[in-house]
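Take a look at the structure set out below.
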Amino acid sequence: MTELQTNRRYFLATSMAGLAASASSKRLPASANEKVRIGVIGARGRGADLVSIFSKNDGFEIPVLCDVDSRVFSKAQNHLEKAKRPVAKIESDFRKILDDKSIDAIVVATPDHWHALMAVMGCQAGKHVYCEKPVSHNLVEGRRIVEASRKYNRVVQCGIQRRSSTSVKEAVDLVRSGVVGKVGMARAWIHQIRPNIGHGKPGEVPKGVDFAMWQGPAPDRPFIENRFHYNWHWFWNWGTGEIGNNGIHGVDVARWGLGVEGPTQVTSGGGKFVFDDDQEVPDTQIVTWEFPEKCVIQWEHRMWSKHPTEGSGFGIAWYGDKGTMVIGDKGWKIEDLDPKAPALAKSEGPSKDGMTAHVQNFLDCIKSGQKPNADIEIGHLSTRLCHLGNIAHRTGRKLTFDRASETFPGDPAANALLSREYSSRFAMPAQV
């Protein structure tokens, strides 16, 4: 397995002082009234959005932003200004944030291939971590974050914010209480129109971009504009496809409602059927996971059509023998119930994504030491489903998965995709 190769260099030759410092030496908020100081790593797109959300919470300060592209800081700084917060210091090397003893926590809002390694390094440096989804680029990395969180006693909240949505929790609780009966199948989906990214050619790295640091633990690829900002999602070297990008939100809630942890079988149908461009990931995909609890979860995406399923472009449904629960754009609703059943048919409004509550929960758990709503173990188990779906797609066959060892017994080709090849700059260690 490629995991055996992960004892290679963990970071660049200039080592980071204090990386392995024990959590007990880390500065912690002294009282409930002291603000938690956060360093945001990844300031473009989602990172800037998180700056806006965190800056509205009086329990946090954001003294520093980090990104390898010097051109992207204005949006995040504008959010701080609107929230009447001080202008943040700018860094291009995230290790300087990890070295800073005044920083209590980090937000990881980078491309997928950096998520797990930064989270592990953050735990080792004594920082609490808010890690965007998917929590890892591959399955082995996800388990490493769980191990690091436990070893260094750090709070790691995953960016699957529906775990903090009261309306989503209400729907999940109803499903688990048996309102729709025995659920044999849950499904989640997203249907939207994404742009064709065309065919690119190698070019010059834009001024102000540290492309080597951007690639980080990923093996080197030439700079091509149409696979840099955001479009990295659609290339295996850096991303996890639409199932890792948006599927994680849906399959996590589906798994939550069923109360299951890991599948024993996984299949993936689909491929690149519509786009004629450089994307490597499937633009059409249907994944089915079979669980020993005698149920299945299915994920479906179309990146080229927005025709809805169950009346919604994104949603989750649980199909029971007494009814069907659907979470869609307008909230949750129960269909197919016995006419004599109690009148509990729909939510009062749209399902909120719970983002504000999710950030507050992260703060509360830093203060209390409790596990957050989307603790890293939860995030890993749901992200694991996405990785298994992609491995089934890439191998082109049905796979048998051992949940205890997190491997495919007797299947070296599938096992090789549980981890990855790393660059000479950074690699995930076998032991954290």
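Somewhere in the stretch 396-408, is a residue among the hydroxyl-bearing types (S, T, Y) and assigned to a helix (DSSP H, G or I)?
no
From G313, G259, which residue is loosely packed, with under 14 Cβ neighbours inside 10 Å, more than 30 Å from F223 (Cα to Cα) and either more than 23 Å from the chain's Cα centre (by Cα) or not basic (K, R) (or both)?
Going through G313, G259 in turn, the sole match is G259.
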Out of (1) of a type in the set (A, V, I, L, M, F, W, C); (2) in a loop (DSSP other than H, G, I, E, B); (3) touching a Gly at 6+ places or on another chain (Cβ under 6 Å), what's the single condition that is false for I106?
-> (2)
Quick one: K398 ticks every box in (1) basic (K, R); (2) in contact with a Ser or Thr (Cβ under 7 Å, 6 or more places away or on another chain); (3) under 25 Å from I160 (Cα atoms); (4) surrounded by fewer than 21 Cβ atoms within 10 Å (Cβ to Cβ) except a single one, so which number is it?
-> (3)
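Which of the residues spanning the stretch 193-204 are exposed (fewer than 14 other Cβ atoms within 10 Å of the Cβ) and part of a loop (DSSP other than H, G, I, E, B)?
P195, G198, H199, K201, P202, G203, E204
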Within the stretch 352-385, which residues are of a type in the set (S, T, N, Q) and not in a loop (DSSP other than H, G, I, E, B)?
-> T356, Q360, N361, S368, S382, T383
Only one of A48, A21, A30 is out of contact with any Cys (no Cβ under 6 Å at 6 or more places or on another chain) and modelled with pLDDT of 95 or more; which?
-> A48
Residue in the stretch 336-343 that is within 22 Å of S167 (Cα to Cα) and in contact with a strand residue (DSSP E or B) (Cβ under 7 Å, 6 or more places away or on another chain) present = yes
If you check every pair at least six apart or on different chains, which have Cβ atoms under 6 Å apart with a residue in the stretch 393-409 that is in the same structural domain as G142 (by TED's automatic domain parsing) first and a residue that is of a type in the set (F, W, Y) second?
-> none
Might you check whether a residue that is outside the structural domain of V129 (by TED's automatic domain parsing), charged (D, E, K, R) and either crowded, with 22+ Cβ neighbours inside 10 Å or assigned to a helix (DSSP H, G or I) (or both) occurs anywhere in the stretch 210-217?
-> no
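Return yes when V72 is at pLDDT 95 or above and within 23 Å of N138 (Cα to Cα) and no when it is not.
no
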Please state which of the following conditions N231 fails to meet, knowing it meets all the rest: (1) over 16 Å from T110 (Cα atoms); (2) free of Cβ contacts under 8 Å to residues at least 60 places away in the same chain; (3) surrounded by 16 or more Cβ atoms within 10 Å (Cβ to Cβ).
-> (1)
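The values are calculated or read from the model by the stated rules, or taken from the named source; none is laboratory data. Note that this is a predicted model, so its numbers are computed, not measured. Here Cβ is always computed from backbone atoms with ideal geometry, including for glycine, and neighbour counts include all displayed protein chains.
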